[in-house]
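**Q** Take a look at the following structure, please.
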């Protein structure tokens, strides 16, 4: 049975290494008959959660009316979530973090998501630089009770296109293909 997948791209850089990794994942996922919706949140207007608790008294509706409304619609129709972000200061970007925080509405009105994956790139040669990002992702899926479908990371990709020809693109494509 095909899955409805939402990909949240936290990179503000258009056509960068994160985009290329996502594109490989999407190619694999769609080849298996899955439908994929991608949001480039690094270029959308999404403010952070204000902890106003409006969502708790309004069945998961958020008081903030911005581009997050499009994402909510997709998330409430998704089977799987893919978080994709470059590593900035040993973590996900602020843009994707705002989306994650705003997903707090899911505690008031649960989303149908049952699985997740992480795609992450970083320029550092130290492979431990991505560990806080992976740890954050694992904490999210544990809290939400989602199955970890996989993690694909790539180090040493600083400039646009540095990821081209690297094995992480095949790994992302294979991850996408493996979704049944």
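The values are calculated or read from the model by the stated rules, or taken from the named source; none is laboratory data. The structure presented is a predicted model; accordingly, all values stated were derived computationally and were not measured. All Cβ positions, even for glycine, are placed from backbone atoms using ideal geometry, and neighbour counts span all protein chains on display.
**Q** Any residue in the stretch 130-142 that is surrounded by fewer than 21 Cβ atoms within 10 Å (Cβ to Cβ), modelled with pLDDT of 95 or more, touching a helix residue (DSSP H, G or I) at 6+ places or on another chain (Cβ under 8 Å) and not in a loop (DSSP other than H, G, I, E, B)?
**A** Within the stretch 130-142 (the criterion being surrounded by fewer than 21 Cβ atoms within 10 Å (Cβ to Cβ), modelled with pLDDT of 95 or more, touching a helix residue (DSSP H, G or I) at 6+ places or on another chain (Cβ under 8 Å) and not in a loop (DSSP other than H, G, I, E, B)), the answer is yes, since at least one residue qualifies.
**Q** Looking at 25, 39 in this structure, which one is modelled with pLDDT of 95 or more, under 18 Å from residue 170 (Cβ atoms) and either part of a loop (DSSP other than H, G, I, E, B) or touching a strand residue (DSSP E or B) at 6+ places or on another chain (Cβ under 9 Å) (or both)?
**A** Values: 39 fails: under 18 Å from residue 170 (Cβ atoms).
Criteria check complete, one pass: 25.
**Q** Every residue in the stretch 72-99 that is surrounded by fewer than 21 Cβ atoms within 10 Å (Cβ to Cβ), touching a strand residue (DSSP E or B) at 6+ places or on another chain (Cβ under 6 Å) and assigned to a helix (DSSP H, G or I), please.
**A** Once the filter is applied, which keeps residues that are surrounded by fewer than 21 Cβ atoms within 10 Å (Cβ to Cβ), touching a strand residue (DSSP E or B) at 6+ places or on another chain (Cβ under 6 Å) and assigned to a helix (DSSP H, G or I), the stretch 72-99 yields only 74.
**Q** Another question, then. Can you report the number of residues in the stretch 1-22 which are assigned to a loop (DSSP other than H, G, I, E, B), at pLDDT 95 or above and closer than 16 Å to residue 179 by Cβ?
**A** Looking only at that region, the number is 1.
**Q** Just to verify a result, which residue in the stretch 15-35, among those that are free of Cβ contacts under 8 Å to residues at least 60 places away in the same chain and within 16 Å of the chain's Cα centre (by Cα), is nearest to residue 162 (Cα to Cα)? Give the derivation first.
**A** Initially, the stretch 15-35 is screened for residues free of Cβ contacts under 8 Å to residues at least 60 places away in the same chain, giving 19, 23, 33, 35.
Still in the running and within 16 Å of the chain's Cα centre (by Cα): 19, 23, 35.
Working: 19: 12, 23: 15, 35: 28 Å.
In this case the residue turns out to be 19.
**Q** What residue, among those in the stretch 112-129 that are in a loop (DSSP other than H, G, I, E, B) and more than 18 Å from the chain's Cα centre (by Cα), is surrounded by the fewest Cβ atoms within 10 Å (Cβ to Cβ)?
**A** Filtering the stretch 112-129 down to residues in a loop (DSSP other than H, G, I, E, B) leaves 112-114, 122-126.
If we keep only those that are more than 18 Å from the chain's Cα centre (by Cα) too, we end up with 123-126.
Details: 123: 15, 124: 14, 125: 8, 126: 11.
Top of the filtered list is 125.
**Q** Let me ask something additional. Being part of a loop (DSSP other than H, G, I, E, B) and either touching a strand residue (DSSP E or B) at 6+ places or on another chain (Cβ under 9 Å) or within 28 Å of residue 2 (Cα to Cα) (or both) is the filter here, so list the residues in the stretch 159-180 that pass it. Lay out the reasoning, then the answer.
**A** Step one: of the stretch 159-180, the residues part of a loop (DSSP other than H, G, I, E, B) are 159-166, 178-180.
Within the stretch 159-180, 162, 163, 166, 178, 179, 180 qualify.
**Q** Still on this structure: Please specify each residue of the stretch 143-152 satisfying the condition of being surrounded by fewer than 21 Cβ atoms within 10 Å (Cβ to Cβ), in contact with a helix residue (DSSP H, G or I) (Cβ under 9 Å, 6 or more places away or on another chain) and over 18 Å from residue 101 (Cβ atoms). Spell out the reasoning first.
**A** Kept after step one, since they are surrounded by fewer than 21 Cβ atoms within 10 Å (Cβ to Cβ), are these residues of the stretch 143-152: 143-151.
Filter again for in contact with a helix residue (DSSP H, G or I) (Cβ under 9 Å, 6 or more places away or on another chain), leaving 144, 146-151.
147, 148, 149, 150, 151, listed by residue number.
**Q** Starting from residues that are out of contact with any strand residue (DSSP E or B) (no Cβ under 6 Å at 6 or more places or on another chain) and not in a loop (DSSP other than H, G, I, E, B), keep the ones in the stretch 52-71 and report whichever is surrounded by the most Cβ atoms within 10 Å (Cβ to Cβ).
**A** Filtering the stretch 52-71 for residues out of contact with any strand residue (DSSP E or B) (no Cβ under 6 Å at 6 or more places or on another chain) gives 52-70.
Next, from what is left, pick out any that are not in a loop (DSSP other than H, G, I, E, B): 54-57, 68-70.
Numbers: 54: 15, 55: 21, 56: 13, 57: 10, 68: 23, 69: 12, 70: 13.
So, considering only residues that are out of contact with any strand residue (DSSP E or B) (no Cβ under 6 Å at 6 or more places or on another chain) and not in a loop (DSSP other than H, G, I, E, B), the one surrounded by the most Cβ atoms within 10 Å (Cβ to Cβ) is 68.
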